[in-house]
Structures are given as structure tokens and as C-alpha cells.
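Below: the structure, in C-alpha cells.
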Amino acid sequence: CAWAASPCPEQLPTRSFQHESFAPAVMRRVGSPPLPNKTEWRLTSEAMPSIETFLANYPLQTYEKLRYADTDRQGHINNAVFSTMLETGRVELLYAPDSSLSAAGCAFVIASLHLDFHGEITWPGQIDIGTRVSAVGKSSLTLEQGLFQGDCCVATARTVIVQMDEGSRRSHPLTDSA
């Protein structure tokens, strides 16, 4: 893996930010401010527990073939493409032709997407996508996903998907089959 010695996100280096709006969700104040009027925040694993970083632990697995068009000026796959690959895994779960989870007249929408980058993806090759359901609510599902190039976990994501009534544009309870 290019950024980490192992596919485990807990071993990634700490990143620092100088912006307080990130603090409530994923950061914690560290010590006293190094400069007046600036507070240092560091990413912690407290806000978002670790997501599985081994493909074998995801019950739904699929893949994407990497395209040269997905690369950017740095020669690796552009970060925006990561979300598209995650979509492939979600769609195979939510809208499988023989067992779609959505109720009639409803669709699934993303309420929250938390994506952690653990390494770069390089062309050519393929990306394996692992998906699993980690929680079920009244009208929502929480999915955990991992993107893998070879044995390396290059990204993990936690996504909250809400079933929405297409007429009223409001949440709609999940069906028993979901």
C-alpha cells in the first residue's frame, strides 16, 4: 500500500487541520493552541469506529475495471471516482434485478457519506468493492464499504441510505423484505 504499511486505517498518520467546523464530527482538540486565535484539531477514530479493511469480511463483493480516463495529473485515479465505485457496490445491493430492496414508488437517497482515503489507486487494474449492511433503521440502512486494489484497502466508507417516497419526497418506512 502506498500510504500505509498495512491495510488498517488505525495505523495511518494523524492529520492536522486549522478549522473548527470539522471538530464535532471527527476531530478532537489537542493541547493548547499553538498560535493565538488558532486551535489545532486532530483526526481520531472516536467519532467513526473502524470499518473492516479485509475484503473477505464483506458479504457482497463486486469489482470495477479501472479506466485510463479516471486518472488525474498525479497519475493515479482521481478521488471523485472513489465515490462512483462505492455507488456500484450500493446499487448491486439496493437494486438487484431479482431482489430490489426499494418499495414500489420509492427510491433510495444518500443522507450521509463518510469516505476515508487510505491509499492511492493506480491504473491499470481493477478495484474490488466490498459492501455490507451495518445497521437498519425505520426508513434507513447504514452501509459499510471498502475499496481494494490487490490486498490493499485503499478506502473505506460509511453511508446512510434513506428510502424516500418519490411522490412526497419524504422518508418512507422500509419494507419487511428489505
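The values are calculated or read from the model by the stated rules, or taken from the named source; none is laboratory data. The structure displayed is predicted, hence computed values, not measured ones. In this analysis, Cβ positions are derived from the backbone assuming ideal geometry, glycine residues included, and neighbour counts consider all displayed protein chains. We work out accessible area using only protein heavy atoms, side chains counted, and drop any ligands, DNA or RNA first. Shrake-Rupley method; radii C 1.70, N 1.55, O 1.52, S 1.80 Å.
Can you name every residue in region 101-117 that is part of a loop (DSSP other than H, G, I, E, B) and open to solvent by 50 Å² or more (accessible area, probe 1.4 Å)?
A104
In this structure, does E52 turn out to be closer than 17 Å to D151 by Cα and modelled with pLDDT of 95 or more?
Against the criterion (closer than 17 Å to D151 by Cα and modelled with pLDDT of 95 or more), E52 does not qualify.
Among the numbered criteria (1) without any contact (Cβ under 8 Å) to a residue 12 or more places away in the chain; (2) more than 17 Å from S171 (Cβ to Cβ); (3) not acidic (D, E), which single criterion is violated by I121?
Against the list (1) without any contact (Cβ under 8 Å) to a residue 12 or more places away in the chain; (2) more than 17 Å from S171 (Cβ to Cβ); (3) not acidic (D, E), I121 comes up short only on (1).
Looking only at residues that are touching a helix residue (DSSP H, G or I) at 6+ places or on another chain (Cβ under 9 Å) and open to solvent by 20 Å² or more (accessible area, probe 1.4 Å) in region 133-158, which one is farthest from G119 (Cα to Cα)?
Residue satisfying both the conditions and the ranking: V133.
Considering region 152-178 alone, what residues qualify as being touching a residue at least 12 places away in the same chain (Cβ under 8 Å) and over 18 Å from the mean Cα position of the chain (by Cα)?
Those that are touching a residue at least 12 places away in the same chain (Cβ under 8 Å) and over 18 Å from the mean Cα position of the chain (by Cα): Q163, M164, D165, E166, G167, S171, H172, P173, L174, T175, S177, A178.
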